[in-house]
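Let me begin by presenting the structure, written as structure tokens, before commenting on it.
The values are calculated or read from the model by the stated rules, or taken from the named source; none is laboratory data. Just so you know, these numbers come straight off a predicted model, no measurement behind them. Cβ: placed from backbone, ideal geometry, glycine included. Neighbour counts: every protein chain shown.
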């Protein structure tokens with residue numbers, strides 16, 4: 001993470017494997033706002049061919065970030081300061097619902113996994129949300 005923050009490099013759709021033992025969600029948010037930019041980053045957990053679990057980071061544009069189909073989305077940055085910055089968008093809900101539906105097809109007893117929106121630099125500046133069919137994202141409210 002420190003190297004990405006120093007260089008300002010964007011991992012893009014190829015992503016980058018993070019070697020840090022722990023990742024502060026606020027640091028991921030800071031990458032999205034580095035030097036005044038607005039870039040979404042997605043933090044995932046992925047299983048390598050040998051079974052090893054790794055954390056990977058991807059970057060997109062101001063409103064979307066790529067998430068590989070077989071990864072587990074830990075969370076993503078909402079870099080744009082809007083009234084709905086802390087809430088999942090329709091696209092966010094569609095993504096987590098589609099992933100959960102695929103899990104249910106393989107295992108009808110699968111439990112929904114939480115994901116997060118990183119919206120600030122603090123340790124608690126994130127919103128946890130779960131998949132849920134028929135759920136609508138909140139469209140207003142104070143920050």
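Side notes on the structure shown:
- The residue list 53, 90 contains one member that is surrounded by fewer than 16 Cβ atoms within 10 Å (Cβ to Cβ) and more than 25 Å from residue 132 (Cα to Cα), which is 53.
- Test: residue in segment 76-83 that is modelled with pLDDT of 90 or more and within 18 Å of residue 130 (Cβ to Cβ): yes
- Subset of segment 102-120 that is without any contact (Cβ under 8 Å) to a residue 60 or more places away in the chain and under 21 Å from residue 65 (Cα atoms) - its residue that is surrounded by the most Cβ atoms within 10 Å (Cβ to Cβ): 115
- Yes/no for residue 44 being closer than 15 Å to residue 117 by Cβ and either at pLDDT 95 or above or over 15 Å from the mean Cα position of the chain (by Cα) (or both): yes
- Looking only at segment 4-23, residues that are touching a helix residue (DSSP H, G or I) at 6+ places or on another chain (Cβ under 9 Å) and closer than 14 Å to residue 74 by Cα come to 1 in all.
- Conditions (1) touching a strand residue (DSSP E or B) at 6+ places or on another chain (Cβ under 9 Å); (2) over 16 Å from residue 1 (Cβ atoms); (3) touching a residue at least 40 places away in the same chain (Cβ under 8 Å); number of the one not met by residue 74: (2)
- Within segment 121-132, the set of residues being over 21 Å from residue 70 (Cα atoms), surrounded by 12 or more Cβ atoms within 10 Å (Cβ to Cβ) and at pLDDT below 90 is empty.
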